[in-house]
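Taking it in order: structure first as structure tokens, then the write-up.
Just so it is clear, none of the values below were taken in a lab; they were calculated from the coordinates. Just so it is clear, the model here is predicted, and its values are computed rather than measured. Here the Cβ positions follow ideal geometry from the backbone for every residue, glycine too, while neighbour counts run over all protein chains shown.
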Amino acid sequence: MFELTYKSVAISELTKADILAIRDIAIKTNELHNITGCLVFYNNHFIQILEGKETHVKEVFSKISKDDRHLNVHVLYEGRKDQRFFPDWNMAFADINASSGEDAEVKSYANNLLLLSEFIEKPTTTLKMFWSGINKLIINPSII
């Protein structure tokens, strides 16, 4: 089993429809290649973890990195692991931008995600980097 975590910055012209299209394509592509993971979009930043067969993950990531809807694509970590962390999610997706709902709802969702990042088991370096990236993104997006 192989996993890869990356971060990127959305282009300024990215719309809600673009984000939903990215999600829909990710779900279809990942299902086709037996890739699982989680994609988070917050404050114009993406952070994603992909897990599956190494060749499939790298092939999908290669396509992701060439997508012109985001910039500054940077791999946080990649490596091998014994089992999937997201076995039932071909792509979990969270859009927690302030424009996506009421401010109180967004803050509540972000706080819940932070709590999850603190308490969830992180058995691999890739998972540690993924949850650390989410934590930094929510608390201080200027440093991610």
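Go through the stretch 44-65 residue by residue and tally those that are surrounded by fewer than 20 Cβ atoms within 10 Å (Cβ to Cβ) and closer than 14 Å to Phe2 by Cα.
Quick first cut of the stretch 44-65, residues surrounded by fewer than 20 Cβ atoms within 10 Å (Cβ to Cβ) only: 44, 53-56, 58-59, 61-63, 65.
Those still in the list that are closer than 14 Å to Phe2 by Cα too: 53-56, 58-59, 61.
Counting residues in the stretch 44-65 that are surrounded by fewer than 20 Cβ atoms within 10 Å (Cβ to Cβ) and closer than 14 Å to Phe2 by Cα gives 7.
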*Leading residue by the ranking (farthest from Lys66 (Cα to Cα)) among those in the stretch 1-26 that are β-branched (Val, Ile, Thr), in contact (Cβ under 8 Å) with a residue 24 or more places away in the chain and outside any strand (DSSP E or B)*: Ile19
*Could you please give the count of residues in the stretch 43-56 that are in contact (Cβ under 8 Å) with a residue 60 or more places away in the chain and out of contact with any strand residue (DSSP E or B) (no Cβ under 8 Å at 6 or more places or on another chain)?*
1
*Of all residues in the stretch 27-39 being hydrophobic (A, V, I, L, M, F, W, C) and in a strand (DSSP E or B), the one that is surrounded by the most Cβ atoms within 10 Å (Cβ to Cβ)*: Leu39
*Take the stretch 40-58 and flag every residue that is closer than 19 Å to Gly79 by Cβ and part of a strand (DSSP E or B).*
Ile47, Gln48, Ile49, Leu50, Glu51, Gly52
